[in-house]
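Report on the following structure.
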């Protein structure tokens, strides 16, 4: 057995989940007879310039015989898989799914498309501006189907170096497809045996060997049913860190689905960035495009969401849900949202914070005065600024924002061990940031609830004094590290002098 390779550090909890899944997903294929199989393998092993490693089996797929070597190939692929990008990873926010009773029209439209194998559209593009709920819809669809329908998912996230790397997309999709499509496993494993460095190749080679060729081989089998078409969901393509990679990914998918024999469909969600719009405008084959910028439909769903969540908060805080907060206030908040679900969800997180008065916090939000500009984010920006301004230690907050920006620039996760740079314990850092829980989450590392908060921080015209440029962030980060080292050396010298 070849020696194991080091695994790129990732979310350990997510890795454990996938490890257990792999252990229980060894797929058994039909063979004419065990004895015949062993004789074939023995014959091949005696051949010149030919070798077989591991526990090999002969598997017939359509008109091809493929040598199966168990899970060794997948083990090699594993180190290039972004486990935290899977829809059911522990790194994903479990509350991200659509609230019951919301987005019915969009979800029904997507499900009807996914369930009908005769539909001509091979790509569904779900698009809309920041904060309208694209990821929640993609998460809901991903979670509502089993692997027989949704074969693989990848959720990009630009502040996470594991989830913003487009080079990891196709290895991650291939890993999942190998587990969800029995006939694909040996074809994908065979490609990895023939090309051991395949995951390090250009994405064009990855896609061809890991996705295109295996599934075209499967579709050539006359026994394949048209109802076996599977859907791959790629969320937040615009959050891939390399725009040129985004364009290459779209081109590869477009070329693949142009072949009518290719048995996969794709859901792609993104903001309507110019280069993505250009691709779909020039694509010559049918696509289903769903625009989430329909504000009126969003208003109805946001009203449903706010009504339900305020009733929950009222019960938790022993208020009368028939009286508080009242329909007039809910309508006011719906109007303030400008059709952005992120505004509504941030309001609920802020008002419903543990150990805080929901009545007082709601009054704070209702008293906010957004800037007089015509920005669609003015209400959201006012809410973000209010939460930041209410942090009692503003110097600490600015240092924290600088460290966060520096970690993003370095493509590093912001773990709680960075608390030492601020002179705090990990628990002390969590206590300091308690007022930020409506904006931040703390497991498995410190991250934002929604990417729109990063957009706010990165735009000085929106965040004002809370904006930290990359240069200033790196400078302050190094100052904090240097200060910590100087104090550590001084303490060590004092100890040695005693």
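The residue that is farthest from the chain's Cα centre (by Cα), among those in the stretch 415-428 that are more than 22 Å from residue 472 (Cα to Cα) and in a helix (DSSP H, G or I), is 428.
With respect to residue 412, is the statement that it is part of a helix (DSSP H, G or I), touching a helix residue (DSSP H, G or I) at 6+ places or on another chain (Cβ under 9 Å) and surrounded by fewer than 16 Cβ atoms within 10 Å (Cβ to Cβ) true?
no
When residue 352 is tested against (1) under 30 Å from residue 484 (Cβ atoms); (2) in contact (Cβ under 8 Å) with a residue 12 or more places away in the chain, just one condition goes unmet, and that condition is (1). Summed over the stretch 114-159, the residues that are out of contact with any strand residue (DSSP E or B) (no Cβ under 7 Å at 6 or more places or on another chain) and part of a loop (DSSP other than H, G, I, E, B) give a count of 16. Taking the stretch 227-245, which residues are surrounded by fewer than 22 Cβ atoms within 10 Å (Cβ to Cβ) and within 19 Å of the chain's Cα centre (by Cα)? Answer for the stretch 227-245, where residues must be surrounded by fewer than 22 Cβ atoms within 10 Å (Cβ to Cβ) and within 19 Å of the chain's Cα centre (by Cα): 231, 232, 238, 239, 241, 242, 243, 245. From the list 315, 364, 302, the one residue that fits, being buried (at least 18 other Cβ atoms within 10 Å of the Cβ), out of contact with any strand residue (DSSP E or B) (no Cβ under 8 Å at 6 or more places or on another chain) and farther than 30 Å from residue 176 by Cα, is 302.
Residues checked against (1) at pLDDT 85 or above; (2) under 24 Å from residue 349 (Cβ atoms):
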{"position": "51", "(1), (2)": "no, no"}
{"position": "73", "(1), (2)": "no, no"}
{"position": "92", "(1), (2)": "no, yes"}
{"position": "109", "(1), (2)": "yes, no"}
{"position": "116", "(1), (2)": "yes, no"}
{"position": "135", "(1), (2)": "yes, yes"}
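Kindly indicate whether residue 170 is closer than 26 Å to residue 282 by Cα and either without any contact (Cβ under 8 Å) to a residue 60 or more places away in the chain or in the same structural domain as residue 449 (by the TED database) (or both). So residue 170 passes the test.
Within the bounds of the stretch 382-404, is there any residue that is outside any helix (DSSP H, G or I), closer than 29 Å to residue 235 by Cα, outside the structural domain of residue 341 (by the TED database) and free of Cβ contacts under 8 Å to residues at least 40 places away in the same chain?
For the stretch 382-404, residues outside any helix (DSSP H, G or I), closer than 29 Å to residue 235 by Cα, outside the structural domain of residue 341 (by the TED database) and free of Cβ contacts under 8 Å to residues at least 40 places away in the same chain: absent.
Take the conditions in a loop (DSSP other than H, G, I, E, B), within 23 Å of residue 130 (Cβ to Cβ) and free of Cβ contacts under 8 Å to residues at least 60 places away in the same chain and apply them to residue 375. Does it pass?
So residue 375 fails the test.
When the residues of the stretch 139-167 are filtered to those that are crowded, with 23+ Cβ neighbours inside 10 Å and farther than 22 Å from residue 452 by Cβ, the one that is modelled with the lowest pLDDT is 151.
In the condition set (1) over 27 Å from the mean Cα position of the chain (by Cα); (2) at pLDDT 95 or above, residue 335 is compliant with all but (2).
Taking residue 181 as the residue in question, decide whether it is at pLDDT below 95, buried (at least 23 other Cβ atoms within 10 Å of the Cβ) and either under 23 Å from the mean Cα position of the chain (by Cα) or within 28 Å of residue 109 (Cα to Cα) (or both). Yes, satisfied.
The values are calculated or read from the model by the stated rules, or taken from the named source; none is laboratory data. Values in this document were obtained by computation on a predicted structure and should not be read as measured data. All Cβ positions, glycine included, derive from the backbone under ideal geometry; neighbour counts span all protein chains shown.
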